[in-house]
Amino acid sequence: MKTYVIGLDYGSDSVRAVLIDTQNGAELASEVFWYPRWKKQLFCNSGINQFRQHPLDHIEGLEHTIKSVILQSQVNPEAVVSICIDTTGSSPLPLTKEGTPLALVEGFKENPNAMMVLWKDHTAVKEANQINDLSRNWGGEDYTKYEGGIYSSEWFWAKILHVAREDKAVKKAAHTWMEHCDYMTYMLVDNKDLGSFKRSRCAAGHKAMWHESWNGLPAEEFLSQLDPYLAKLKGNLYDKTYTSNEVAGHLNQEWADKLGLTINTVIAVGTFDAHSGAVGAKVDQHTLVRVMGTSTCDIMVASEEVIGANCVKGICGQVDGSVIPGLIGLEAGQSAFGDVLAWFNDVLSWPIDNLVMKSSILSDEQKQKLQEEIDAKFIRTLAEQAEQIPLEEAVPIALDWVNGRRTPDANQELKAAFTGISLGTKAPHIFKALVNAICFGSKMIVDRFESEGVKIESVIGIGGVARKSPFIMQTLSNVLNMPIKVAESDQAPALGAAIYAAVAAGIYDNVIEASKVMGSDFEAEYFPQSNYIQKYAILMESYKALGRFVEKSIKSKNYEFQV
């Protein structure tokens, strides 16, 4: 009997499922579910960088997408041998002692602090700074050293500490916290014991300061100096972690009935979307995989011989087995990539949304058609005109820090800036400046890896930006001065999750073998244009200079200049 696996990929805005043939990686069916509550921006406040998601968006999405791919494909449920889930991260949520998300409990259903704290929530900057200060000065182990040496407000402990300080009711009611990838896996498996449930290695190692050398999570003595609550919470978390080629359990009867599957279906240990995306794109040593969406995650793998005792500075962690078991997974990234351009789109759309779309002159049908035309052409037209602007023409220099900086050297207090704006600056000039900025930010990551002794020989781009924007990809190739391949799959993270699932089910012996068969092919390749390389190198120096000025001279929180 032929066998199939399901990869479920939770992104920032939607979840998508793919049903994959284990023999060749062919996609038989796919389905996307957009989060309805998130679409309304419920429980969010962008003014204070608060981004929360209700777990019902994720639970409803899981049921809809998996049932849909089974219905579309008409495969025998017995032939669906395994499911693996990847999610954004760090995106923790509080649970009761029964393993129920707190947001599903009466009294907490509308409380943002009871929701999942999305990866890009930056409300915990103060707490992250406190973690960093204590790590360097408490006299014991520096628990940030395998996290790049700087703990981020985007990560597990900082977010939990912030919520606990802000909301005593949530603090009291939360028995434990789980990363999103762990909870969705826990919901499906037959093992409901919170203590023995297998937590994700990549989530724990990259975001929660878990490491084998200190036997798991940071010591209670360290956590208690941050807050006694964290030391107490540690006892309700975990010591061991597991890679995503391992079995977390089997599908429980409740969800087997809901999904039309069987309890024989293996559920693999959960993972992060960027890590599974790298696997879906056939990551190998000396290859940088750029997962390019609202933000970027930049993933590499390296052998123990290459890394040795070296702690790569300023990245988002180095963890044994987080991407491919047997290799060290290295993660970096930009806190905003596509979001930089989305921000500019929103700025330019203000008169359209507030004047044109509220005009009494146009009918509702005309407004709808006009909105559809604008949505289809807006960014594309900007990109076309920006691409025609020669580099010799005055184009502003911009920073890509609209959501802070993730790598190198995480600092979520930083803000973006422009210089060089004049009366001749038009919208396409600013758009070009922003494209340059996100590519310069990418170059900073490449330079950091290489300065730390991690050689990069090839670059692979995956995600919507990589596949849909030749202008950005060609600019990136010119800035990096490297060829860039683009993965063919629309759903590389979901495909990577499916690869993990196939290994967990015993179809393949290891992840590398499975990815060679099931991983994505490539649909395009961009090469550096020799006449642009030096010009972009000069502009890059201006980007660095602006970055140094902003970081040194401006307090981002209150915009006061330091004397």
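Every number in this text was worked out from the coordinates using simple rules, so none of it is lab data. Since this is a predicted model, take the numbers as computed values, not measurements. Cβ placement follows ideal geometry from the backbone for every residue including glycine, while neighbour counts extend to all protein chains displayed.
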Rounded to the angstrom and largest first, Cα extents along the principal axes for the range 219-259 equal 46, 22, 11
The farthest towards the positive end of the charge dipole of the chain, of the residues His286, Trp214, Ile499, given +1 on Cβ of Lys and Arg and -1 on Cβ of Asp and Glu, is Trp214
Measuring from its Cα centre, the range 348-484 shows a charge dipole (+1 at each Lys and Arg Cβ, -1 at each Asp and Glu Cβ) which, in debye to the nearest 20, is 120
Expected sort for 427-438, 520-531 on mean C-beta neighbours within 10 Å, highest first, is 427-438, 520-531
XL table Lys168/Lys232; Lys120/Lys145; Lys39/Lys232; Lys443/Lys485; Lys126/Lys415; Lys159/Lys415; Cα-Cα > 24 Å flagged, in table order, is Lys39/Lys232
For the range 328-410, the percent of all C-alpha pairs falling in each 10 Å bin, from 0 up to the bin holding the max distance, is 14, 31, 29, 18, 6, 1, 0
Taking Cα atoms only, Rg over Rh for the range 106-158 with Rh from the Kirkwood formula is 1.11
Most packed first (mean Cβ within 10 Å per residue), the peptides 513-519, 267-273, 202-208 order as 267-273, 202-208, 513-519
So, over other residues within a Cβ distance under 9 Å of Gln318, counting Lys, Arg +1 and Asp, Glu -1, the net charge is -3
Computed for the chain: size of charge dipole around the Cα centre, +1 on C-beta of each Lys and Arg, -1 on C-beta of each Asp and Glu, debye to nearest 20, value 1260
With +1 on the Cβ of every Lys and Arg and -1 on the Cβ of every Asp and Glu, the dipole magnitude of the range 441-563 about its Cα centre, in debye rounded to the nearest 20, is 660
Calculated from DSSP helices alone, with each H run of at least 4 adding -39500 (n - 2.57) and the total divided by the residues of the chain, [θ]222 nm to the nearest 500 comes to -12500 deg cm²/dmol
Convex hull around the C-alpha positions of the range 196-281: the volume in Å³ per residue is 131
Diffusion coefficient in µm²/s returned for the range 278-358 by Stokes-Einstein, Kirkwood Rh over C-alpha pairs, 25 °C and 0.890 mPa s, is 166
For the range 400-490, the Cα gyration tensor yields equivalent-ellipsoid semi-axes (√(5λ), largest first, whole Å) of 24, 19, 12
The ³J(HN,Hα) series, computed from each phi in the range 359-365 with the Karplus coefficients 6.51, -1.76 and 1.60 at θ = phi - 60°, rounded to the nearest Hz and given as x for glycine or proline, is 5, 7, 6, 8, 7, 4, 5
Quick shape summary for the range 154-300, equivalent ellipsoid via Cα gyration tensor, semi-axes whole Å in descending order, reads 27, 23, 15
Expected vector for the range 377-382, Karplus 3J(HN,Hα) from phi with 6.51, -1.76, 1.60 and θ = phi - 60°, integer Hz, x for Gly and Pro, equals 10, 4, 5, 4, 5, 4
Summing +1 per Lys or Arg and -1 per Asp or Glu among the other residues with Cβ less than 12 Å from Pro92's Cβ gives 0
For the range 352-400, Rg(Cα) over 2.2 N^0.38 Å is 1.64
Expressed in angstrom and rounded, the centroid-to-centroid distance over alpha carbons for the range 420-439 and the range 9-51 is 31
Given 50-63, 29-42, the highest-first ranking by average Cβ count within 10 Å works out to 50-63, 29-42
Lys and Arg at +1, Asp and Glu at -1: neighbours of Arg406 with Cβ under 11 Å from its Cβ sum to -3
Partner aspartates and glutamates whose C-alpha sits under 20 Å from that of Lys552, ignoring same-chain residues fewer than 8 away, are Asp133, Asp400, Asp409, Glu413, Glu541, Glu560
Normalised per residue, the volume inside the convex hull of the alpha-carbon atoms of the chain in Å³ amounts to 161
Rounded to two decimals, the Rg over Rh value of the range 374-428 from Cα coordinates and the Kirkwood Rh reads 1.07
Taking Cα pairs closer than 8 Å and at least 6 residues apart, the relative contact order of the chain in percent is 16
In cubic angstrom per residue, the convex hull of the range 18-160 built on its Cα atoms measures 176
Along the range 308-320, Karplus-curve 3J(HN,Hα) (6.51, -1.76, 1.60; θ = phi - 60°) to the nearest Hz, with x for Gly and Pro, reads x, 8, 6, 9, 5, 7, x, 9, 9, x, 9, 9, 5
